[in-house]
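Below is one structure; the comments refer to it alone.
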Amino acid sequence: MDLSDNPIESIGGNAFEGLPALTSLEMSGWVLGEGGLSASGYSFAHLANIASLDLSGFGITSLPGNTFHGADNLETLDLSNNNIKAIGANAFSGSPSLVTLDISQNEIEEVDADAFQTLSALTSLSLGGNDISGIEWGLFDPVSNLITLDLSGNSIQGLATGTVEGLANLNQLDLSGNRIETVCWIFQGLVPSGGSSPLIELDLSNNTMEELHLAGATNCLAGYDALQVLRLAQNEIESVQMGVLDDLPVLLELDLSGNEIELLEEGVFGAVGDTLEVLLLGGNTGVELGGLHVFGGGEGAGDMQLNTFSPPDSMVLDEGGGAGPVQCELAEGGGGAVVCTA
């Protein structure tokens, strides 16, 4: 059924009654605005065979409870680019098959602790581009099958320990573009108590973190045994403390570009030297490596495994011991190759 480009401003309760066999519904061009969805819910009841519903850019301001109740086979729901300000309890009740939910680019400040109560099949959730400052305790408990979670572009400062306790399948988490200042607060909040995080990819770029450090005898990055990609670009990081990367046994990519790093200690990347394939340090204040062997071991520039590397236009690696500096520059032809000469 194609109802696109019609001057429809509201959808009442049971609006689609009598259409249980409908499998496709096109509604592009609608502008629902305030009160566009029935306050009593059930706007999409009776659409038992609809698998995908695109309500992006409709001007929706609120989601009454039970709005999608009865859409039993709905798997993909796009509510992005609306004006939704809050997600209340039972907003998605009655949609047990939902797998992908996109509520990004709205004006959401608050998500009720019971908002996702019935979405046990959900694997992808996007809440990016809102104004969420905190996550209710237990919010993600019902969505234990979640694989991808996007919380980018919000106002989050940290996550309390146990916030993602039950997300045993969470592989990708995007927290870029928030207001995170403290490394340990966020990292420790993502590791289940007494266990390890299932995360493979973690994006914390475009925040306001100043240090990558140990908290006393505690390594904030401990428990990330599966982590392969860690993005910390465009923060305010000035230093990377020795030992902080020691508990990342399978790290493949580390992005520290666009920070304020001036000095990297000898051996700082030693623990990840055997696995790291991509190391990005471009756009820092002016990186100087204290000792040539930041990957540990080796006796010269030829032994230093820079891998795929994105340095500033020119870097000076001070080998120390009176041997003089080693100049490293991008090789001609690009490709990320680096040539070091004494």
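Take the residues in segment 134-174 that are among the β-branched types (Val, Ile, Thr) and over 14 Å from residue 121 (Cα atoms); name whichever of them is surrounded by the fewest Cβ atoms within 10 Å (Cβ to Cβ).
Initial filter on segment 134-174 (among the β-branched types (Val, Ile, Thr)): 135, 143, 147-148, 156, 161, 163-164.
Okay, now just the ones that are also over 14 Å from residue 121 (Cα atoms), so 135, 156, 161, 163-164.
On the way: 135: 20, 156: 21, 161: 14, 163: 20, 164: 23.
Only one residue fits best here, namely 161.
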Filter pass, residue 98 being outside any loop (DSSP other than H, G, I, E, B), under 26 Å from residue 23 (Cα atoms) and within 22 Å of the chain's Cα centre (by Cα): no
Which numbered condition residue 183 misses (of (1) touching a Ser or Thr at 6+ places or on another chain (Cβ under 9 Å); (2) crowded, with 21+ Cβ neighbours inside 10 Å; (3) under 15 Å from residue 232 (Cβ atoms)): (1)
Which one is farthest from residue 148 (Cα to Cα), of the residues in segment 88-105 that are in contact with an Asp or Glu (Cβ under 6 Å, 6 or more places away or on another chain) and among the aliphatic types (A, V, I, L, M)? 89
Has segment 71-86 got at least one residue that is farther than 17 Å from residue 125 by Cα, among the polar types (S, T, N, Q) and buried (at least 21 other Cβ atoms within 10 Å of the Cβ)? no
Only one of 300, 267 is surrounded by fewer than 21 Cβ atoms within 10 Å (Cβ to Cβ) and either in contact with a strand residue (DSSP E or B) (Cβ under 6 Å, 6 or more places away or on another chain) or at pLDDT 55 or above (or both); which? 267
Just one listed residue, out of 52, 104, 120, is crowded, with 16+ Cβ neighbours inside 10 Å, modelled with pLDDT of 85 or more and within 24 Å of residue 174 (Cβ to Cβ), and it is 104
Of the residues that make up segment 131-149, is at least one under 13 Å from the mean Cα position of the chain (by Cα) and not in a loop (DSSP other than H, G, I, E, B)? yes
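Table: residues versus (1) farther than 21 Å from residue 276 by Cβ; (2) under 18 Å from the mean Cα position of the chain (by Cα); (3) at pLDDT below 90; (4) in a strand (DSSP E or B).
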| site | (1), (2), (3), (4) |
| --- | --- |
| 188 | yes, yes, yes, no |
| 193 | yes, no, yes, no |
| 198 | no, yes, no, no |
| 206 | yes, yes, no, no |
| 222 | no, no, yes, no |
| 226 | no, yes, no, no |
| 230 | no, yes, no, yes |
| 235 | no, yes, no, no |
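The values are calculated or read from the model by the stated rules, or taken from the named source; none is laboratory data. Treat the numbers as computed from the prediction; the structure is a model and nothing was measured. All Cβ positions, glycine included, derive from the backbone under ideal geometry; neighbour counts span all protein chains shown.
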